[in-house]
Amino acid sequence: MELEVIFEKLWEDYKKDNPSVNKMHQLLHDEGEIISNDHIAIRTFDLPGMNIEYLEKVFLQLGYVAKGTYYFEKKQLRATHYEHITRSQEPKIFISELITESFGTIIESVANEIQQTIMQHDLSPNQLILAHNLWKPISYKIYTELKDESEYAAWFYVFGFRANHFTININNLYKHNTIEKLNDFLKSKGLILNSSGGEIKGSRKQLLQQSSTMADKIKVEFIEGTYTIPCCYYEFAQRYRDQKGKLFTGFIADSADKIFESTDSIIDS
Ligand code: NI
């Protein structure tokens, strides 16, 4: 499968379940902006056959290379980011995985079940990355139990393999070309930004600033009935050049840590 096809499928899925994504695209389009992506983020668990090492094959065979690894102590996550080796305009890929052994029996048993289901389907990395949750039906009770241990695990249990978020590359915007301008514009149009750790994560000095919306809430079918829960968010990234004039292409673990919380349930309303 071609890279463009994979991106297109990830994007279509993402857009379908997140009405504010369409709204933002329309708003920016109306301002004359052309949108490009800084990165696309994918989540998984650290078990063989579904971990970073398995999923990265999709991108390694299509011209990407691993460029940085990250560790999130509080959330017990590892991540790797990938860049296209020749086409710098291609979005970076950010794959994270939950370190399952750091958690209790609920996560362990759910992770094992998920892994077994995946094994039965015998999917290539290209198929798996677009496969959503193969382990349907899902239980709301399990979802809430997982949430107490790890919001990340709960999100993955419900939504599985898909883009967790796309990220607008602010550097490529024409009018709203700073993170402050873009945030102000989106807020003026009624969008709600994630304010965990401040609206803007990271600093000019760190060469990367990020912000994000809070995830759209969507109706999901569980064994117990239909519940409304957070799905995906939209992220915005502005990158700066270092003293040598080189544009920073990495990620800042502390900032990403807060961005991850964009899929947390705020107060359920
Ligand atoms: Ni991100």
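Residues that are touching a residue at least 12 places away in the same chain (Cβ under 8 Å) and polar (S, T, N, Q): which strands (runs of 3 or more DSSP E) entirely in region 191-239 hold 1 or more of them? Talk me through it step by step, then tell me what you get.
On the way: elements: 208-212, 217-222, 225-230, 233-239.
Here the list reads 208-212, 233-239.
Identify all residues within region 132-159 that are surrounded by fewer than 23 Cβ atoms within 10 Å (Cβ to Cβ) and either within 16 Å of the ligand (Cβ to nearest atom) or on the phi > 0 side of the Ramachandran plot (or both); write none if there are none.
His132, Glu151
Of all residues in region 119-134, how many are touching a residue at least 40 places away in the same chain (Cβ under 8 Å), under 18 Å from Asp13 (Cβ atoms) and part of a helix (DSSP H, G or I)?
3
Quick check on region 160-190: of everything there that is assigned to a strand (DSSP E or B) and not polar (S, T, N, Q), which residue is farthest from Phe45 (Cα to Cα)?
Filtering region 160-190 for residues assigned to a strand (DSSP E or B) gives 161, 163-169.
Then drop every residue that is not not polar (S, T, N, Q), which leaves 161, 163, 165-166, 168.
Working: Phe161: 10, Ala163: 15, His165: 17, Phe166: 20, Ile168: 26 Å.
Going through the qualifying residues, I end up with Ile168.
Of all residues in region 1-35, how many are hydroxyl-bearing (Ser, Thr, Tyr) and either modelled with pLDDT of 95 or more or out of contact with any Ser or Thr (no Cβ under 9 Å at 6 or more places or on another chain) (or both)?
Narrowing region 1-35 to residues hydroxyl-bearing (Ser, Thr, Tyr): 14, 20.
Next, from what is left, pick out any that are either modelled with pLDDT of 95 or more or out of contact with any Ser or Thr (no Cβ under 9 Å at 6 or more places or on another chain) (or both): 14.
Within region 1-35, residues that are hydroxyl-bearing (Ser, Thr, Tyr) and either modelled with pLDDT of 95 or more or out of contact with any Ser or Thr (no Cβ under 9 Å at 6 or more places or on another chain) (or both) number 1.
Can you name the residue in region 15-35 that is surrounded by 16 or more Cβ atoms within 10 Å (Cβ to Cβ) and not in a helix (DSSP H, G or I) and, of all such residues, is nearest to the ligand (Cβ to nearest atom)?
Once the filter is applied, the top-ranked residue is Asn18.
Looking at region 41-61, can you tell me whether even one residue there is acidic (Asp, Glu), surrounded by 13 or more Cβ atoms within 10 Å (Cβ to Cβ), closer than 19 Å to Gly160 by Cβ and without any contact (Cβ under 8 Å) to a residue 24 or more places away in the chain?
From region 41-61, those acidic (Asp, Glu) are 46, 53, 56; that's our starting set.
This time we only want the ones that are surrounded by 13 or more Cβ atoms within 10 Å (Cβ to Cβ), so: 46, 53, 56.
Pick out the ones that are also closer than 19 Å to Gly160 by Cβ and you get 46, 53, 56.
Now restrict to residues that are without any contact (Cβ under 8 Å) to a residue 24 or more places away in the chain: 53.
Yes, some residue in region 41-61 is acidic (Asp, Glu), surrounded by 13 or more Cβ atoms within 10 Å (Cβ to Cβ), closer than 19 Å to Gly160 by Cβ and without any contact (Cβ under 8 Å) to a residue 24 or more places away in the chain.
In region 75-114, what count of residues is obtained for those that are assigned to a helix (DSSP H, G or I) and crowded, with 18+ Cβ neighbours inside 10 Å?
Of all residues in region 75-114, those assigned to a helix (DSSP H, G or I) come to 100-102, 105-114.
Checking the rest, the ones that are also crowded, with 18+ Cβ neighbours inside 10 Å come to 100, 107, 110-111, 114.
Final tally of qualifying residues: 5.
Does His176 qualify as being open to solvent by 30 Å² or more (accessible area, probe 1.4 Å) and more than 15 Å from the ligand (Cβ to nearest atom)? Even if it seems obvious, please write down each step before you answer.
Numbers: open to solvent by 30 Å² or more (accessible area, probe 1.4 Å): no; more than 15 Å from the ligand (Cβ to nearest atom): yes.
Considered against the rule, which asks whether it is open to solvent by 30 Å² or more (accessible area, probe 1.4 Å) and more than 15 Å from the ligand (Cβ to nearest atom), His176 comes out as no.
What are the residues in region 207-223 that are farther than 12 Å from Val158 by Cβ, under 16 Å from the mean Cα position of the chain (by Cα), within 15 Å of the ligand (Cβ to nearest atom) and not polar (S, T, N, Q), if any?
Correct list: Met214 only.
What residue, among those in region 187-206 that are more than 30 Å from Gly245 (Cα to Cα) and more than 16 Å from the ligand (Cβ to nearest atom), is modelled with the lowest pLDDT? Quick ask: steps written out before the conclusion?
From region 187-206, those more than 30 Å from Gly245 (Cα to Cα) are 187-196; that's our starting set.
From the residues that got through so far, the ones that are more than 16 Å from the ligand (Cβ to nearest atom) too are 187-192, 195.
On the way: Lys187: 95, Ser188: 97, Lys189: 95, Gly190: 94, Leu191: 93, Ile192: 91, Ser195: 88.
Going through the qualifying residues, I end up with Ser195.
Going through Lys175, Lys201, Lys187, Lys219 one at a time, which residue ends up being touching a Lys or Arg at 6+ places or on another chain (Cβ under 8 Å), among the charged types (D, E, K, R) and over 26 Å from Arg87 (Cα atoms)?
Details: Lys175 fails: over 26 Å from Arg87 (Cα atoms); Lys187 fails: touching a Lys or Arg at 6+ places or on another chain (Cβ under 8 Å); Lys219 fails: touching a Lys or Arg at 6+ places or on another chain (Cβ under 8 Å).
Result: Lys201 is the single residue among Lys175, Lys201, Lys187, Lys219 that is touching a Lys or Arg at 6+ places or on another chain (Cβ under 8 Å), among the charged types (D, E, K, R) and over 26 Å from Arg87 (Cα atoms).
Counting only residues that are over 30 Å from Gln120 (Cβ atoms), within 15 Å of the ligand (Cβ to nearest atom) and touching a Ser or Thr at 6+ places or on another chain (Cβ under 8 Å), how many does region 36-68 have? Please lay out each step first, then the result.
As a first pass, look at region 36-68 and keep what is over 30 Å from Gln120 (Cβ atoms): 36-39, 63, 65, 67-68.
Restricting the remaining residues to those that are within 15 Å of the ligand (Cβ to nearest atom) gives 36-39, 67-68.
Retained after the next criterion (residues that are touching a Ser or Thr at 6+ places or on another chain (Cβ under 8 Å)): 37-39, 67-68.
Final tally of qualifying residues: 5.
Mind checking whether some residue in region 100-113 is in contact with a helix residue (DSSP H, G or I) (Cβ under 7 Å, 6 or more places away or on another chain) and without any contact (Cβ under 8 Å) to a residue 12 or more places away in the chain?
yes
Working carefully through the options Gln89, Gln116, find the one that is among the polar types (S, T, N, Q) and touching a residue at least 40 places away in the same chain (Cβ under 8 Å).
Values: Gln116 fails: touching a residue at least 40 places away in the same chain (Cβ under 8 Å).
Unique residue meeting the criteria: Gln89.
Regarding Ile118, is this residue more than 23 Å from Ala253 (Cα to Cα), surrounded by fewer than 20 Cβ atoms within 10 Å (Cβ to Cβ), of a type in the set (A, V, I, L, M) and away from the ligand (no atom under 16 Å from the Cβ)? Give the steps one after another, and end with the answer.
Numbers: more than 23 Å from Ala253 (Cα to Cα): yes; surrounded by fewer than 20 Cβ atoms within 10 Å (Cβ to Cβ): no; of a type in the set (A, V, I, L, M): yes; away from the ligand (no atom under 16 Å from the Cβ): yes.
So Ile118 does not fit the description; no.
The values are calculated or read from the model by the stated rules, or taken from the named source; none is laboratory data. Please read these numbers as outputs of a predicted model, since none were measured by experiment. Methodologically, a virtual Cβ is constructed for each residue, glycine included, from the backbone with ideal geometry; neighbour enumeration extends over all protein chains shown. When the accessible area is computed, the model is the full protein with side chains, heavy atoms only, and any ligands, DNA or RNA have been set aside. Shrake-Rupley method; radii C 1.70, N 1.55, O 1.52, S 1.80 Å.
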